[in-house]
Number of protein chains: 2
Amino acid sequence: MRHRLKDVAERAGVSVKTVSNVVNGYVHVRPDTRARVEEAIAELNYRPNLSARNLRKGRTGVIALAVPELDIPYFAELARHVVTAAAELGWTVLIDQTGGGREQERVVASGITDHLIDGLIFSPLALAAEDLTGLDGTPMVLLGERVDHGPADHVVIDNVAAAREMTAHLIGLGRRRIAAIGSQRTPEGVSARLRLAGYTAALADAGIDYDERLVAPAPAWHRADGAAAMRGLLASGVRPDAVFCFNDTLALGALRALHEAGLRVPEDVAVAGFDDIEDGRFSIPTLSTIAPDKERIARLAVELLANRLDSDPTAPPRELPAPYHLTPRESTLGP
Amino acid sequence: MRHRLKDVAERAGVSVKTVSNVVNGYVHVRPDTRARVEEAIAELNYRPNLSARNLRKGRTGVIALAVPELDIPYFAELARHVVTAAAELGWTVLIDQTGGGREQERVVASGITDHLIDGLIFSPLALAAEDLTGLDGTPMVLLGERVDHGPADHVVIDNVAAAREMTAHLIGLGRRRIAAIGSQRTPEGVSARLRLAGYTAALADAGIDYDERLVAPAPAWHRADGAAAMRGLLASGVRPDAVFCFNDTLALGALRALHEAGLRVPEDVAVAGFDDIEDGRFSIPTLSTIAPDKERIARLAVELLANRLDSDPTAPPRELPAPYHLTPRESTLGP
């Protein structure tokens, strides 16, 4: 068990403020008081952290948001919502861009949290459940699908249902040769696997045979990957009449590749994405997408973190679903 | 003057590690040694901060990057480059989104820096030079044009020259009714003023009269602002044959408004932006822009910060220019 400032104060029979003064090396502490506090620190093996700054609550007022890549606008937009929701509680949010690698994510989960911040909102790509065991109890809320039913509070959206709904939208428009862009075979590709599962489920619902030649992998989910994958599909001769991209940046890249190939969207090929980033509301054509409620996701994450800070840290982790909605635009419906 | 751990160590005649052990409340310090350290702490009025974690250098290994808005892709891309450059020095970067308000930026400049981090790379919008006086010496590097010749190291690009070059590019294509989108009259609008100055200088160079009806303000520099400003210009009857937008997101919004109005880019109206964000390399048409060397800006900022950490903190501040280049694409040159 990790002790807090108030444990030291109780043991020494002094106020939390006095303990803080000793820990911070301030001079205006009577020598006998200082000795009592130091004895309590030694007995409890107390390690001070920044929490001492916020004396009343024992907190820093700073939380971290760790995301894989700010270059993917979904995470930048999510960050803005987290900053807004946290500001209502008087919290400052520092954002850590992990790069999505497992080692860096492990460092974030186990290292930064201990000394700098009150808590962490974490959107991991690569982290596995076992990386989260043995943490020292810094409150953490996970976003996204990774580390299912893991040891922390979790805000999720139903990726399978959302992808199934978008694929059904394309089928409902009469498309039958529906490609998918963004599949991944790496351990990191959890969102990719879930969205692919939704895609295949929708095809099965409609009695359309799954054709693996229509499924294009993308090592990352940037515009360049989407453009390359689309060019590959066009060159392969599989002749899709629609393409469901597993995020909006892939879809914007696919739009570009279709434009360069002289194909019309949606007349020749309908295009759909996932994330509802601002870019897709202004692109030519505007982009049909799955819109996760990013504001709600951010608010739920901040609320889970606040509850965790104010309640029993050993309470069982909670998993809260966040809503999404299908948002059709020009890239599937036309002008 | 703010004392560091090593000042306490010298005064007490002990190692920095021993001081750290006392400051951190560890138990394995001999009582007489502890007393000597505490006496030195009192004499120097030393206030420990997280620097104690990195004992050898007296640092945390964590720096902050403070930017106005991660939603503006320029800042998200810059953040990635700062994270990369800092990683080479073993630093972790935490990103603070200030919102661009002067009060929040003042808090960042004076507050967070003191306790959490070794140094700060700061791209302020609203901060004035006087807000930076009286800081406690946490090393800071400023990015951008604000706080000219202020009290900190500074990485700048020449906004006037870059805007003049882009406007001359449009003139060189035979355009004469060149609009500008993004002017701002607020104290925050320093980049806007400089880019407007470059625009007017280029017009003067070419003997083209300045027409204030062609200059459209934009309260913020998002896509929606660019689209609204473009619609306003078209509705006003000023009939521009080109538009220079003060950043790329404004330009992407203008492209959308022109598309909705049935105008062709660049045949009817050539469009140029500023920032070279990834979106503009995939938009339809691709976007002509000024490309600041973001990687170089990030590297210079990290190097300035490292130098400041390793040398005399009272050395006079340095101002380093970063390169940019004009990058013409389809939105001015055609397919």
For this session: Kindly indicate the residue of segment B:100-124 that is more than 9 Å from chain A (Cβ to nearest Cβ) and modelled with pLDDT of 65 or more and also surrounded by the most Cβ atoms within 10 Å (Cβ to Cβ) among those meeting that condition.
Result: B:ILE121
Problem set entry | Flag if B:LEU305 is of a type in the set (A, V, I, L, M) and outside the structural domain of B:SER191 (by TED's automatic domain parsing) | yes
Exercise. Based on what the data block shows, is A:ASN54 modelled with pLDDT under 80, crowded, with 18+ Cβ neighbours inside 10 Å, over 12 Å from the mean Cα position of the chain (by Cα) and more than 7 Å from every other protein chain (Cβ to nearest Cβ)?
Worked result: no
For this session: Looking for whichever is surrounded by fewer than 20 Cβ atoms within 10 Å (Cβ to Cβ) and of a type in the set (Gly, Ala, Ser) here; the options are B:ALA261, B:ALA254, B:ALA229, B:ALA272. Which one fits?
Result: B:ALA261
Seminar exercise, completed: Of the listed residues (B:LEU234, B:LEU196, B:LEU258), the one being farther than 27 Å from A:ILE284 by Cα and not in a loop (DSSP other than H, G, I, E, B) is B:LEU196
Exercise. Does any residue of segment B:59-78 turn out to be assigned to a loop (DSSP other than H, G, I, E, B), modelled with pLDDT under 85 and out of contact with any helix residue (DSSP H, G or I) (no Cβ under 8 Å at 6 or more places or on another chain)?
Worked result: no
For this session: Would you check if there is a residue in segment B:82-99 being modelled with pLDDT under 70 and in a helix (DSSP H, G or I)?
Result: no
For this session: Say whether the condition of being of a type in the set (Phe, Trp, Tyr) and touching a residue at least 24 places away in the same chain (Cβ under 8 Å) is met by at least one residue in segment A:237-246.
Result: yes
Exercise. Taking into account only those residues within segment B:310-330 that are of a type in the set (A, V, I, L, M) and surrounded by fewer than 18 Cβ atoms within 10 Å (Cβ to Cβ), which is nearest to the chain's Cα centre (by Cα)?
Worked result: B:LEU320
Seminar exercise, completed: Picked from segment B:9-32 (must be modelled with pLDDT of 85 or more and of a type outside the set (D, E, K, R)), the residue farthest from A:GLU38 (Cα to Cα) is B:GLY13
Exercise. How many residues are surrounded by 24 or more Cβ atoms within 10 Å (Cβ to Cβ) and either in contact with an Asp or Glu (Cβ under 6 Å, 6 or more places away or on another chain) or within 11 Å of chain A (Cβ to nearest Cβ) (or both) when one looks only at segment B:288-303?
Worked result: 1
For this session: Determine, yes or no, whether A:VAL265 is assigned to a strand (DSSP E or B) and modelled with pLDDT of 95 or more.
Result: no
For this session: For B:ARG281, indicate whether it is in a helix (DSSP H, G or I), within 11 Å of B:ARG329 (Cβ to Cβ) and not hydrophobic (A, V, I, L, M, F, W, C).
Result: yes
Problem set entry | Candidate set: segment B:156-196, residues that are in contact with an Asp or Glu (Cβ under 6 Å, 6 or more places away or on another chain) and at pLDDT 95 or above; chosen: the one farthest from B:ARG213 (Cα to Cα) | B:ARG175
Problem set entry | In segment B:171-218, residue surrounded by the most Cβ atoms within 10 Å (Cβ to Cβ) [restricted to those that are basic (Lys, Arg) and touching a residue at least 12 places away in the same chain (Cβ under 8 Å)] | B:ARG195
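The values are calculated or read from the model by the stated rules, or taken from the named source; none is laboratory data. Just so you know, these numbers come straight off a predicted model, no measurement behind them. Neighbour counts run over all protein chains shown; Cβ positions are idealised from the backbone, glycine included.
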